[in-house]
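Working notes, structure below.
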Amino acid sequence: MDQREFSSCKACNEIFALVEQDKNLTAFHRAEDLKPCPFGSQGLCCKNCAMGPCRLSTKEGGTKRGVCGATAATIAARNFARMIAAGAASHSDHGRDIIKTFSMVASGEAEGSGYEIKDVNKLIAVAQDFGLSTEGKSSQDIAKELAPLLVAEFGQQEGELRFIRRAPEKRQALWRELGVVPRGVDREVVEIMHRTHMGVDQDAENILMHGTRAALADGWGGSMLATEVQDILFGTPIPLRGKVNLGVLRKDQVNIIVHGHDPLLSEMLVVAAQDPEMISQARAKGASGINLAGICCTANEILLRHGIPVAGNFLQQEMAILTGVVEIMVVDVQCVMQSLADLVQCYHTELITTSEKAKIPGVVHIQFDEHHALDIAKKIISRGIENFGKRNPNKIILPKEEMDLVAGFSHETINYMLGGTFRASYRPLNDNIINGRILGVAGVVGCSNPRVKHDHVTTTLVKELIKNNVLVVQTGCAAIACAKEGLLTPEAASLAGDGLAEVCEAVGMPPVLHCGSCVDNSRLLIAATAMVKEGGLGDDISDLPLAGCAPEWMSEKAIAIGQYFVGSGVFTVFGATFPIMGCEEVKELLFNKFEKITKGKWAFEPDPIKMAHLMIDHIKAKRAALGIEKKQERILYDMAMRRALEV
Ligand code: SF4
Ligand code: MSK
């Protein structure tokens, strides 16, 4: 196989050569062997009861109904809704675990565990969102009052999730009118499972409207709670420099890789890896130090807060093992391939699972316990140190590729960075959109997927967007793909159109902003809302010159994210594949009718340049609707004009 066809990442291609030699299998190889099921990939396979599975066909004369009589629209909508449920559950259950630790800190149980409240301002802001008075109260007291309210968001049966009120007024009113305001996170997910059970909801639009409600419970609920409480416990990200790609692994150091999504353990691994006692243990074994690096979103979490290097994105988890220099890969939840268990058998690497929710047969399990998080982190690193001497020098292939990046663009950072410390505001961003230097904003998020050329779709799309003066905000593995390509450096402004480049150079920021992990897509909702509230760009998220996409998505979480963006009024394009393409009726609903209902809609386009232009065309149409379609002439102010401004 020609590896260059599989990935545009040089480090991955270098590893491929070794893989061929060793006949090891990666996801790329398995994807070649295992073609997608033509029924399932189109949304036309139902296995929701024992009368089936029923596979419908789009072909003339093909099966048009399941044994129960379910139509293609019912089956495709049910399947889509179940993907939303799984995605929303994953993000939200992650949030629940973070809040559990926050509750522990609030109750004072956390002493000695290593956790504390790091961002008091955010604690106060969230407490106020929940209607608490904070005046004159200690952080501990505020946290104690807040913790049970946060927990209650999951099990609430009636009413509205609290963060819904953060959305623009007009959006909230629309949600209320449509009856899609989420009541409680768990309730909406459970209701999807009920509605999509055999013989319940058989109206595709009705199913998808509830899917929207559950997705909103994710974006404006579970994910937003996860992000906010992580910021309270670990600090709100600010821009910092970091490095990315497999070249961050060090031949002379003990390499520990964290992988997954939950930052609770990895935050403590950051502390433990810097512990002088641990470092001297490593030196005693002949290593020059301890090198902590990450894969996927656990990587993004500790990159954004500590500048810890990122070894790669989703499709690089196997590649990292194949370097032969990883002593430990410690995983938490989500996006961990089961293939790792077999792969580590051929290397000295120890794979360690840590969550009771995510075990792998044959893999060492060290149960994470937030009460003893730092001790567990040290125990894991000690095992890594012991492993260092067990490397097989003949199996080492360490690509040199590593790239600089700047990350850490939380909503708060964007606010300060553009508006200044004394007058934090989105005004300069809105002004630059209105005057046309910036055409609009695009969220480019999601995974990597071996069904398409790794990193290529994402990076080609992002280059086209910035060339057309679209400011790109990113999360997840898509951000890692662009980071590897150097797009997350201020120097990448040279690839941007004149207007965007000018703004980037003035502020000193990259044209592509890394905003965090998968749950941090909630930061993008907040940023979009802040743009609306700043004024001049309409009064709803759907008025903004804004579009979203996931060019190389693979996870059910991506579908939940896409649906909460569509439900929030955003035009959202997915690449790779789309799971309802076998059903015209559901296509019509998601690709067209939703625009009338939620003022956001889906599109599917695998070609990166065409995808970029779908987004650009949408942004231009929104600009035209706002009456700002023309780029304003640049006016160079003379002294008299400046004086007039200062009055
Ligand atoms: Fe077939 Fe209907 Fe059962 Fe689905 S619910 S498997 S379509 S009989
Ligand atoms: S890790 S969900 S592969 S972005 Fe968030 Fe990456 Fe997608 Fe997992």
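What the table below lists for this structure:
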quantity	calculated
Where labels lie 7 Å past Cα in the beta-carbon direction, separation of Ala50 and Ser107 in nm	4.2
Long-range amide H partners of Thr598 with built H, under 5 Å	none
Carbon plus sulfur fraction of accessible area for segment 246-395, probe 1.4 Å, in percent	49
Rounded to whole Hz, the Karplus (6.51, -1.76, 1.60) HN-Hα couplings of segment 536-546, x for glycine and proline	x, 10, x, 10, 8, 4, 5, 7, 5, x, 9
Angstrom value of the Kirkwood radius, inverse mean 1/r, which spans all Cα pairs in segment 246-395	14.8
Binned Cα-Cα distance frequencies in segment 72-234 - 5 Å width, integer %	2, 9, 18, 19, 17, 13, 9, 6, 4, 2, 1, 0
Label-point gap, in nm, between Ala125 and Glu629 - each point 7 angstrom along Cα→Cβ	3.7
Normalised per residue, the volume of the convex hull around the Cα set of segment 3-55 (Å³)	110
Share antiparallel - DSSP beta bridges, the chain, percent rounded to 5	20
Computed lengthening from Ile366 to Val507, 0.36 nm per intervening residue step minus Cα-Cα distance	46.2 nm
Accessible area in square angstrom per residue, the chain, 1.4 angstrom probe	38
Carbon + sulfur, % of accessible area of segment 407-521 - ligands and nucleic acids excluded, 1.4 Å	51
In order through segment 327-344: 3J(HN,Hα) via Karplus (6.51 cos²θ - 1.76 cosθ + 1.60), integer Hz, x for Gly, Pro	7, 9, 10, 10, 10, 10, 10, 6, 6, 9, 7, 5, 4, 4, 4, 6, 4, 5
Projected area averaged over orientations for segment 263-313, convex hull of C-alpha atoms, nm²	3.5
Residue (of Ser139, Phe163, Gly179) at the positive-pole extreme of segment 72-234, dipole from beta-carbon charges	Gly179
Pair-distance profile P(r), taking every C-alpha pair of segment 80-170, with 5 angstrom steps and integer %	3, 12, 19, 22, 19, 13, 7, 4, 1, 0
Relative compactness, the chain, computed as alpha-carbon Rg over 2.2 N^0.38 Å	0.95
The chain: calculated mean residue ellipticity at 222 nm from DSSP helix runs of at least 4, using -39500 (n - 2.57)	-14000 deg cm²/dmol
Relative contact order [Cα under 8 Å, 6+ residues apart], segment 348-451, whole percent	13
Segment 1-150 - percent of accessible surface contributed by carbon and sulfur, probe 1.4 Å	51
Using a Förster distance of 41 Å, the FRET efficiency for Asp275-Lys100 (Cβ separation, nearest 0.05)	0.95
Lys59/Thr577 FRET efficiency (R0 22 Å; Cβ-Cβ; nearest 0.05)	0.70
Residue list for segment 521-540, given a label point 7 angstrom along the Cα-to-Cβ vector of Ala621 and an amide N cut-off under 20 Å	537-540
Distance (nanometres) between label positions extended 7 Å along Cα→Cβ at Gln338 and Lys610	3.5
Cys37/Asp252 FRET efficiency (R0 45 Å; Cβ-Cβ; nearest 0.05)	0.45
Amide N proximity, segment 112-131 versus Ile238 label position 7 Å along Cα-to-Cβ, cut-off under 16 Å	118-123
The chain - percent relative contact order, Cα under 8 Å, separation 6 or more	16
Relative packing of 248-254, 323-329, which averages over residues the other C-beta atoms within 10 Å, highest first	323-329, 248-254
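The values are calculated or read from the model by the stated rules, or taken from the named source; none is laboratory data. Predicted model only: the values in this text are computed from it and were never measured. Glycine gets a Cβ as well: all are built from the backbone with ideal geometry, and neighbour counts include every protein chain shown. When the accessible area is computed, the model is the full protein with side chains, heavy atoms only, and any ligands, DNA or RNA have been set aside. Shrake-Rupley method; radii C 1.70, N 1.55, O 1.52, S 1.80 Å.
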